[in-house]
Amino acid sequence: MPPRKHVRQQRRKQAARRALIVLVLLLILAVIAGGIALLVNTIRNHSGGGETAVTTTVGPREPAVTATATLGSSGDILIHTPVLRSAKVSSGVYDFAPMFKHMKPYVTALDYSAINLEFGIGKGESDYYQREMIFRVPTSLIDTVMDTGYALGLCANNHVSNGSSLALTESTYAERNLDHIGLRGSAQDKRYLVKDVNGIKLGFVNYTYGSATSEQTLVNYFSTANLDAFYKDMETQMANMRAEGAEAIIVYLHWGSEYQIKPLESQTTMAKKLCEMGVDVIVGGHPHKIQPLELITAENGNQTVCLYSMGNILSNQTIESMYGGSYAANRGGNFQDYGVCKYADVKSRYNDSHYGEHDENCNDNGHTEDGLLFQCNFARYEDGTVFLSGVDVLPTWCYSKARNDGSKQKDYTIIPLDKKVSDWSAAFGVAEEDVIFAQRSYDRTMALVGDGITEINAACKTNIDAYVEAFKKAQSPVTTTQQ
Ligand SMILES: [Zn+2]
Ligand SMILES: [Zn+2]
């Protein structure tokens with residue numbers, strides 16, 4: 001092989017190698033530049049003649065929130081005879097507004113709120129006073145509930161049939177345009193409600209334990225002895241709600257055992273099954289005490305927020321009236337059924353030296369005075385995905401105070417235990433010596449729901465963050481140039 005030819009070949013090879021290196025370097029630079037272009041949104045190019053061309057590169061961006069909705073839920077309204085007497089202004093005139101007045105700003109701040117109407121409507125004054133545990137109420141209570149901001153009545157409960165008739169109760173709500181579920185006007189009516197709440201369609205159903213007599217087929221019942229039938233019914237209702245556009249499903253259940261702060265096995269079993277079926281939120285009532293707030297995750301990955309019981313929002317189930325067996329005795333019931341406090345000296349909150357020591361299921365441990373406004377927040381993103389974006393709880397306390405006018409009458413006031421309000425006494429009229437009981441109520445409630453709030457809000461954030469990341473990843477950058 002002649003040397004010159006060999007040298008020329010070597011030079012050609014070196015040139016080719018250099019060209020390859022330059023090409024690789026250029027490619028690397030192009031990739032880096034492309035990456036920078038994704039990060040830099042706008043590059044302004046000044047071309048000749050003073051004209052300005054604007055090149056906009058839209059890189060990965062977060063999905064826009066297109067709608068938000070806030071839902072509130074409150075528990076049992078129990079119009080015991082002392083509460084009814086307290087509302088009486090004159091013959092036939094009952095005013096419940098003072099009992100609810102402090103709740104109005106909190107309820108009206110939410111887009112839509114539900115409350116458990118644990119009673120039936122009475123025909124008139126003589127009709128209201130029946131016997132203990134028959135709750136027939138004046139229609140003015142409904143006006144107050146609606147004026148407070150509650151727009152959805154939960155009617156599937158064990159007292160709805162206490163009224164003069166189910167038809168009167170249902171028509172009272174229908175005439176006032178109070179949305180109501182769990183009780184229907186006729187067997188042809190739907191068992192559920194799909195409501196557009198601030199642009200998001202929420203599907204609601206309400207069921208109670210028990211079984212239907214012929215008249216009560218208008219009430220939604222489930223039987224713990226035949227839960228398969230309930231699940232089958234729920235499947236139908238959920239499919240119907242989704243067909244009507246429901247983007248989240250909220251199930252209110254009247255269930256569990258009275259005066260328990262722990263859910264029964266039947267409650268946890270039902271909650272788990274409904275979670276598996278795709279229910280988003282479960283909210284319970286009936287135990288007259290708040291039960292825990294939990295995030296349930298099913299084996300199929302579904303997640304459901306479950307507040308097992310909302311407690312009482314308004315009642316005469318005070319520490320005093322719940323003392324020991326006296327409450328059970330008043331009802332003609334058996335002491336053992338209702339739990340007996342082991343402390344013989346607890347006859348009122350003021351001589352209760354055992355605060356914090358009562359059995360969790362003692363009648364007189366104060367839990368029956370506790371209620372709440374449970375808040376669920378929903379958000380829809382631009383591609384139509386709807387998330388539960390967070391939860392919150394405003395604990396409430398049913399404050400009862402002797403009227404001090406020589407009568408034996410008490411005043412009942414629902415106190416919003418809002419920690420942003422520095423002075424509950426000044427803001428809500430709680431007597432200085434009673435603020436400690438308001439604080440105890442707050443502590444009892446937060447001990448049951450506080451961890452749940454934290455856990456659920458963390459899970460909501462994780463779910464939404466993952467969704468936002470996936471949304472960004474799926475985008476390719478778009479470049480537009482405007483002259
Ligand atoms: Zn009940
Ligand atoms: Zn006790």
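The values are calculated or read from the model by the stated rules, or taken from the named source; none is laboratory data. All values derive from a computational prediction rather than experimental measurement. Quick reminder, even Gly has a Cβ in these numbers, built from the backbone with ideal geometry, and neighbours come from all protein chains shown. The accessibility values were calculated without ligands, DNA or RNA, using every heavy atom of the protein model including side chains. Shrake-Rupley method; radii C 1.70, N 1.55, O 1.52, S 1.80 Å.
Residues are listed down the side, and each one gets a yes or a no for (1) under 26 Å from Thr236 (Cα atoms); (2) open to solvent by 20 Å² or more (accessible area, probe 1.4 Å):
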residue: Thr139; (1), (2): no, yes
residue: Ala151; (1), (2): yes, yes
residue: Val160; (1), (2): yes, no
residue: Ala167; (1), (2): yes, yes
residue: Tyr173; (1), (2): yes, no
residue: Ile181; (1), (2): yes, no
residue: Gly185; (1), (2): yes, yes
residue: Lys195; (1), (2): yes, yes
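State whether one or more residues within region 462-483 are under 28 Å from Met103 (Cβ atoms) and either open to solvent by 50 Å² or more (accessible area, probe 1.4 Å) or in contact with a Ser or Thr (Cβ under 6 Å, 6 or more places away or on another chain) (or both). Checked against the condition, which is being under 28 Å from Met103 (Cβ atoms) and either open to solvent by 50 Å² or more (accessible area, probe 1.4 Å) or in contact with a Ser or Thr (Cβ under 6 Å, 6 or more places away or on another chain) (or both), region 462-483 yields no hits at all. Within region 286-325, the residues that satisfy the criterion of being of a type in the set (S, T, N, Q) and within 16 Å of ligand 1 (Cβ to nearest atom) are Gln291, Ser309, Asn312, Ser315, Asn316, Gln317.
Tallying residues that are within 24 Å of Ser73 (Cβ to Cβ), touching a Lys or Arg at 6+ places or on another chain (Cβ under 9 Å) and more than 14 Å from ligand 1 (Cβ to nearest atom) within region 145-165 yields 7. As a summary of the residue check, Thr368 satisfies the conditions (1) of a type in the set (S, T, N, Q); (2) away from ligand 1 (no atom under 16 Å from the Cβ); (3) buried (at least 23 other Cβ atoms within 10 Å of the Cβ) except for the one numbered (2).
The number of residues in region 428-452 that are open to solvent by 20 Å² or more (accessible area, probe 1.4 Å), assigned to a helix (DSSP H, G or I) and of a type outside the set (Phe, Trp, Tyr) comes to 12. Condition check for Lys88 on (1) without any contact (Cβ under 8 Å) to a residue 40 or more places away in the chain; (2) crowded, with 16+ Cβ neighbours inside 10 Å: one failure, at (2).
A quick yes/no check of all residues on (1) within 16 Å of ligand 2 (Cβ to nearest atom); (2) open to solvent by less than 10 Å² (accessible area, probe 1.4 Å):
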position: Ile249; (1), (2): no, yes
position: Glu258; (1), (2): yes, no
position: Glu265; (1), (2): no, no
position: Leu295; (1), (2): no, no
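Counting residues in region 462-474 that are in the same structural domain as Gln375 (by TED's automatic domain parsing) and closer than 30 Å to Glu360 by Cα gives zero. Counting only residues that are open to solvent by 60 Å² or more (accessible area, probe 1.4 Å) and modelled with pLDDT under 95, region 59-84 holds 3 of them.
Of the helices (runs of 4 or more DSSP H) lying entirely inside region 69-109, those containing at least 1 residues that are within 19 Å of the chain's Cα centre (by Cα) are 104-108.
Do we find that Val93 is open to solvent by 40 Å² or more (accessible area, probe 1.4 Å), out of contact with any Asp or Glu (no Cβ under 7 Å at 6 or more places or on another chain), more than 29 Å from Pro287 (Cα to Cα) and not assigned by TED's automatic domain parsing to the domain that holds Phe378 in this structure? Please lay out each step first, then the result.
Values: open to solvent by 40 Å² or more (accessible area, probe 1.4 Å): yes; out of contact with any Asp or Glu (no Cβ under 7 Å at 6 or more places or on another chain): yes; more than 29 Å from Pro287 (Cα to Cα): yes; not assigned by TED's automatic domain parsing to the domain that holds Phe378: no.
The answer is no for Val93.
Taking residues in region 358-370 that are among the aromatic types (Phe, Trp, Tyr), and partners anywhere that are open to solvent by less than 30 Å² (accessible area, probe 1.4 Å) and within 16 Å of ligand 1 (Cβ to nearest atom), not one pair has Cβ atoms closer than 6 Å while being at least 6 places apart or on different chains.
Selection of region 99-137 for residues being free of Cβ contacts under 8 Å to residues at least 40 places away in the same chain, of a type in the set (Lys, Arg) and surrounded by fewer than 17 Cβ atoms within 10 Å (Cβ to Cβ) yields only Arg131.
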